[in-house]
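Taking it in order: structure first as structure tokens, then the write-up.
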């Protein structure tokens, strides 16, 4: 293991046994991938009693002091107060409602608050914090979209990459390199006609990973929450958290707070949704 001197980032993640896109056995493999490689960062895992019963997190926390499990019932989420709105949204959300529980969408919008809680509670005291989906390290080595192998990811993230992060910026990854679509999205968000909205079938910003300086955590939680409530008040269908993130990233009043990373063209064989695997090595 590396010395604590080099560790200056804490990631949060979560595991809740809700109806999701994949079978539990698939998630279990991804969880093992992540927990077996917590060497150069600290990790806070939010879960509930059902989540704790479904996966043996204690096998990892017992031998790695950089991993901490926090029991947090879904009913204590900030987004649980919006459960009626989330349930109504789910009925109209045709792109997701057949595949996942309504609570999954609410959970996605809880990420910013969980990171803010990790900062405020100082479960680990570092300069930088972030969110990393528990299924971020999938270990795919064949097929059109691949990941770095777990051996290649040993020591992730490179502390030198963390050391040069800009504390004024929040880091996200872009999965869309079609500048016509991006420019049209920016136009609609800032100068669109009444009732005009971004095509929900288009993806722009990946929501499964972000990094920020601890001084930005509360701002991001409040800003995201404000934008989410505005979408709900306007009667828009909330497809997923990426819809809200994209609005914040490309809106004139908030865009300067973000640094958006893109995958280099020569790495196109890799999955852009998980570009920080490469960007932080």
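The values are calculated or read from the model by the stated rules, or taken from the named source; none is laboratory data. Because the structure is a prediction, the values reported are computed rather than measured. Methodologically, a virtual Cβ is constructed for each residue, glycine included, from the backbone with ideal geometry; neighbour enumeration extends over all protein chains shown.
Every residue, every condition in (1) under 30 Å from residue 159 (Cβ atoms); (2) surrounded by 16 or more Cβ atoms within 10 Å (Cβ to Cβ); (3) more than 14 Å from the chain's Cα centre (by Cα), yes or no:
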residue: 220; (1), (2), (3): yes, yes, no
residue: 238; (1), (2), (3): no, yes, yes
residue: 247; (1), (2), (3): no, yes, yes
residue: 253; (1), (2), (3): no, no, yes
residue: 273; (1), (2), (3): yes, yes, no
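May I ask you to list the residues in region 233-261 that are farther than 22 Å from residue 100 by Cα and part of a helix (DSSP H, G or I)?
Step one: filter region 233-261 for residues farther than 22 Å from residue 100 by Cα, giving 233-234, 247-261.
Listed by number, the residues that qualify are 233, 247, 248, 249, 250, 255, 256, 257.
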Being in contact (Cβ under 8 Å) with a residue 24 or more places away in the chain, more than 23 Å from residue 157 (Cβ to Cβ) and either surrounded by 17 or more Cβ atoms within 10 Å (Cβ to Cβ) or touching a strand residue (DSSP E or B) at 6+ places or on another chain (Cβ under 8 Å) (or both), is that true of even one residue in region 19-32?
yes
Of the conditions (1) modelled with pLDDT under 95; (2) surrounded by fewer than 19 Cβ atoms within 10 Å (Cβ to Cβ), the single one that residue 57 does not satisfy is (1)
Within region 163-208, the count of residues that are at negative phi and in a loop (DSSP other than H, G, I, E, B) comes to 22
The lone condition residue 46 fails out of (1) under 16 Å from the mean Cα position of the chain (by Cα); (2) modelled with pLDDT under 95 is (2)
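Every residue in region 26-47 that is over 18 Å from residue 101 (Cβ atoms) and assigned to a helix (DSSP H, G or I), please. Lay out the reasoning, then the answer.
If we filter region 26-47 for residues that are over 18 Å from residue 101 (Cβ atoms), which is where we start, we get 28-45.
Scanning region 26-47 gives 28, 29, 30, 31, 32, 33, 34, 35.
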Of the residues in region 191-206, those that are surrounded by 13 or more Cβ atoms within 10 Å (Cβ to Cβ) and either out of contact with any strand residue (DSSP E or B) (no Cβ under 7 Å at 6 or more places or on another chain) or at pLDDT below 95 (or both) number 6
Is at least one residue of region 48-66 closer than 16 Å to residue 13 by Cα and part of a strand (DSSP E or B)?
no
Within region 89-103, of all residues that are outside any loop (DSSP other than H, G, I, E, B) and touching a helix residue (DSSP H, G or I) at 6+ places or on another chain (Cβ under 9 Å), the one surrounded by the fewest Cβ atoms within 10 Å (Cβ to Cβ) is 91
Flagged pairs (Cβ under 6 angstrom, 6 or more apart or on separate chains; first in region 36-48, without any contact (Cβ under 8 Å) to a residue 12 or more places away in the chain; second part of a strand (DSSP E or B) and crowded, with 19+ Cβ neighbours inside 10 Å) are none
